[in-house]
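*Asks:* Below is one structure. I have some questions about it.
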Amino acid sequence: MVEMSTKHRPPERARYAADPRVHRASSRQPVAGRIETREFHLGYTLAGGQVFRWGRDRDGWWKGVAYGTVFHLRQVGDTLLYRAGASRVATYRGEMTVSEFLEWYLRLNERPRIRVPRKDGYLRRARDLLKGFRFVRQMPFECVISYILSVQARMNLTKRRVNFLAESWGREVEFMGSRYCTFPEPDALARLKGPYFRANRFGWRSERVAETARFVSRCVGGDSGALSLEDWREIVDALKKQAGTGVGLKVGKCIDLFALDRLDAVPVDTWVLKLAREWYDVRGSDKRICEWAEARGGRYAGYMNEYLFAYYRELNGASLDDRVISFCASDASSAELPVLDDG
């Protein structure tokens, strides 16, 4: 295996690596359009903590890279404005036009109906405040790696690490005067070893990224684009059973919910443990809290948990980035963006 040589530098100061596997895409005029929506909130969806490759820029547009394509999105009332770097987007469901992709990716035509128990004032308030939130359909491999990196790391630090991998091992794309990078393929990350992550200060157990990438690469056989949703579910379920991959209970539930259409999954982190204890007097291990939340939420347990998670952070979060509702009401830009820094 070939290991990338690197200087000892933190991920947040990384620069684009001139590597023969990285190819620059030509800049082009954006594919622009609009989609009419109902009961959808772009900010809550992209700032809610589920995605790492999106951010709101100073100009008010949400900018991100999804399924190898750069997007700029902005919501005006019930209208979603978009600018995209390609006219068609390849997914595990096949190739789609930009509007078809955004309707699918953002679940624009899905309006989850969450029934609230009569005495559950916390959930009722949370649901009403978070109206319009959707779970996006993330690219499965990117979601797997992102959430392995998220263990024991703040949201913005995870974003920096995910963007570092894309910058170093992805494909560079020029779009509307800025540079972005697609997320790397499994075989690219499979070449890495532990010293690479330690040299770049990725932190605790980050070498599991490479071990997982090697496992996925063996399953994929070099063509991750040929896999279906069911294929990805089988791979992730197998990862959950493998030692040393970093796909434990919390990470596995995140992948289930954010990438594999398993909307009954409930990831449990410290925020969820606290709200379960303080609001519902439910205590115990992560596994016990997960089972309790999934049992009470049923097919939409993931949505129920996300509403409570965002509401609890709104009341208790220390920074604006923690408070999704307050952030979306402000004109602040995101602390991290997937745009390459030319400075």
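The values are calculated or read from the model by the stated rules, or taken from the named source; none is laboratory data. Here the structure is a predicted model, which means the values were calculated and not measured. All Cβ positions, glycine included, derive from the backbone under ideal geometry; neighbour counts span all protein chains shown.
*Asks:* Could you please find all residues in the range 44-90 being within 18 Å of N109 (Cα to Cα) and of a type in the set (V, I, T)?
*Replies:* Across the range 44-90, the qualifying residues are T45, V76, T79.
*Asks:* Would you confirm whether or not the range 214-227 contains a residue that is closer than 29 Å to L106 by Cβ and touching a strand residue (DSSP E or B) at 6+ places or on another chain (Cβ under 7 Å)?
*Replies:* Scanning the range 214-227, I find at least one residue that is closer than 29 Å to L106 by Cβ and touching a strand residue (DSSP E or B) at 6+ places or on another chain (Cβ under 7 Å), so the answer is yes.
*Asks:* Of the numbered conditions (1) free of Cβ contacts under 8 Å to residues at least 24 places away in the same chain; (2) on the phi > 0 side of the Ramachandran plot; (3) hydrophobic (A, V, I, L, M, F, W, C), M176 fails exactly one; give the number of that condition.
*Replies:* Only one criterion is unmet by M176, namely (1).
*Asks:* Testing V162 on (1) at pLDDT 95 or above; (2) surrounded by fewer than 23 Cβ atoms within 10 Å (Cβ to Cβ), one condition comes back false. Which one is that?
*Replies:* (2)
*Asks:* Considering only residues that are of a type in the set (S, T, Y), surrounded by 14 or more Cβ atoms within 10 Å (Cβ to Cβ) and more than 18 Å from the chain's Cα centre (by Cα), which ones fall in the range 305-332?
*Replies:* Hits for the range 305-332 are Y311, Y312, S326.
*Asks:* Shifting gears a bit: Taking into account only those residues within the range 141-159 that are crowded, with 22+ Cβ neighbours inside 10 Å and not hydroxyl-bearing (S, T, Y), which is farthest from N316 (Cα to Cα)?
*Replies:* F141
*Asks:* Go through the range 200-228 and report how many residues are at pLDDT 90 or above, exposed (fewer than 15 other Cβ atoms within 10 Å of the Cβ) and either on the phi > 0 side of the Ramachandran plot or assigned to a helix (DSSP H, G or I) (or both).
*Replies:* 1
*Asks:* Of all the residues that make up the range 164-199, how many are under 18 Å from V51 (Cα atoms), in contact with a helix residue (DSSP H, G or I) (Cβ under 8 Å, 6 or more places away or on another chain), part of a helix (DSSP H, G or I) and of a type outside the set (A, V, I, L, M)?
*Replies:* The qualifying residues number 1.
*Asks:* In the range 44-66, which residue that is surrounded by 22 or more Cβ atoms within 10 Å (Cβ to Cβ) and of a type in the set (K, R) is farthest from D321 (Cα to Cα)?
*Replies:* Going through the qualifying residues, I end up with K63.
*Asks:* Residues that are of a type in the set (S, T, N, Q) and touching a Leu at 6+ places or on another chain (Cβ under 7 Å): list the helices (runs of 4 or more DSSP H) wholly contained in the range 280-343 that include at least 1 such residues.
*Replies:* Once the helices (runs of 4 or more DSSP H) in the range 280-343 are filtered for at least 1 residues that are of a type in the set (S, T, N, Q) and touching a Leu at 6+ places or on another chain (Cβ under 7 Å), what remains is 324-329.
*Asks:* Are any residues in the range 167-199 aliphatic (A, V, I, L, M), closer than 12 Å to V339 by Cβ and buried (at least 23 other Cβ atoms within 10 Å of the Cβ), and if so, which ones?
*Replies:* V173
*Asks:* Criterion first (touching a Pro at 6+ places or on another chain (Cβ under 8 Å), not acidic (D, E) and not in a loop (DSSP other than H, G, I, E, B)) does L102 satisfy it?
*Replies:* Taking the combined requirement at face value, the residue does not satisfy it.
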